[in-house]
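A short worksheet on the structure shown next.
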Ligand SMILES: [Zn+2]
């Protein structure tokens with residue numbers, strides 16, 4: 001018993017195997033307590049994992065399709081990913097993912113790069129736009145046809161291939177004879193065997209090169225078909241997620257220039273681009289920001305019109321009120337200018353049919369009054 005206790009006290013630094021045999025020794029902690037502790041550990045561990053998961057979940061928004069594919073058109077370096085959390089005017093936090101040329105990122109470099117950071121969404125949008133433009137694009141198809149024609153064997157090469165085959169047959173026969181002769185002459189003519197074998201190896205290499213090109217041409221045709229199928233789908237659907245698979249499969253590299261021009265180097269050996277530039281994308285972002293701000297202002301105004309001050313005003317206007325009375329009344333609750341009250345409160349309430357402005361009947365002074373519309 002003492003042994004057990006002493007072992008428990010000494011810190012096991014790896015020199016002893018650490019294990020716990022259930023019910024082997026008299027338990028130091030009683031099982032119920034042990035269970036409770038385990039439950040707490042488990043709970044903490046889950047909480048820790050969840051917290052960490054939340055903390056690092058940003059990484060899941062990194063577009064992995066771009067890894068090792070982006071190349072700086074200004075300096076030739078690769079791109080690296082950056083993420084940031086930005087707080088917007090709605091008080092919420094937004095993750096922003098950017099990609100930047102490795103050299104441009106080193107702003108302190110003497111021979112630095114003049115490129116800059118790009119939003120990840122720009123690259124995604126740019127690729128989708130480029131793909132959509134490929135739909136029924138005759139210039140692109142002509143380019144693909146050119147590549148396929150270049151890869152396929154010409155009529156002349158097909159003839160040559162046939163000749164090579166025939167020559168191989170002849171050489172095989174000659175080699176067979178030479179070997180046969182050599183065997184009978186006890187190795188007197190080994191040079192001829194070597195020459196024939198050497199020529200055969202070269203001819204087989206030539207045949208292999210021809211067959212590789214045929215295979216490649218077939219592969220290009222299939223790839224083009226597949227690409228066009230996906231492009232058609234993109235063309236038909238309004239909102240589509242970034243086609244990561246397509247990017248991975250067809251884009252060998254994308255060269256990014258500092259104005260946002262991107263040239264895609266397709267696996268088929270074709271370079272392609274669109275007119276899309278970063279400036280127009282930033283303009284679009286700005287417009288979206290404006291729209292968000294506008295929506296926020298609108299919401300605030302509509303909340304205000306339902307709020308306590310306007311509710312009190314409408315109660316106040318159960319009886320006809322003159323403009324001056326209304327302005328004074330509102331200013332007992334809040335500071336509001338004459339023009340602001342008129343344009344953004346009273347005007348709106350009248351448009352909504354909640355207030356009306358009239359001359360009171362049977363009244364001598366021709367003053368206009370505001371009152372709640374019945
Ligand atoms: Zn660069």
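Structure data summary
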quantity: Answer residue from region 67-90, given it is in contact (Cβ under 8 Å) with a residue 60 or more places away in the chain and either assigned to a strand (DSSP E or B) or under 24 Å from residue 248 (Cβ atoms) (or both) and is nearest to the ligand (Cβ to nearest atom) among those; calculated: 72
quantity: Listing of helices (runs of 4 or more DSSP H) fully contained in region 91-201 that carry 3 or more residues being under 19 Å from residue 262 (Cα atoms); calculated: 102-105, 120-133, 138-151
quantity: Residue list for region 358-374, restricted to those being touching a helix residue (DSSP H, G or I) at 6+ places or on another chain (Cβ under 8 Å) and either modelled with pLDDT of 85 or more or farther than 16 Å from residue 314 by Cβ (or both); calculated: 368
quantity: Qualifying residue in region 319-342 (condition: more than 30 Å from residue 358 (Cα to Cα) and touching a strand residue (DSSP E or B) at 6+ places or on another chain (Cβ under 8 Å)); calculated: no
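Yes/no matrix, rows are residues, columns are (1) over 30 Å from residue 103 (Cα atoms); (2) free of Cβ contacts under 8 Å to residues at least 40 places away in the same chain:
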| site | (1), (2) |
| --- | --- |
| 220 | yes, no |
| 237 | yes, yes |
| 244 | no, no |
| 267 | no, no |
| 286 | no, yes |
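The values are calculated or read from the model by the stated rules, or taken from the named source; none is laboratory data. The structure presented is a predicted model; accordingly, all values stated were derived computationally and were not measured. Using ideal geometry, Cβ is built from the backbone for each residue, glycine included, and neighbour counts are taken over all protein chains shown.
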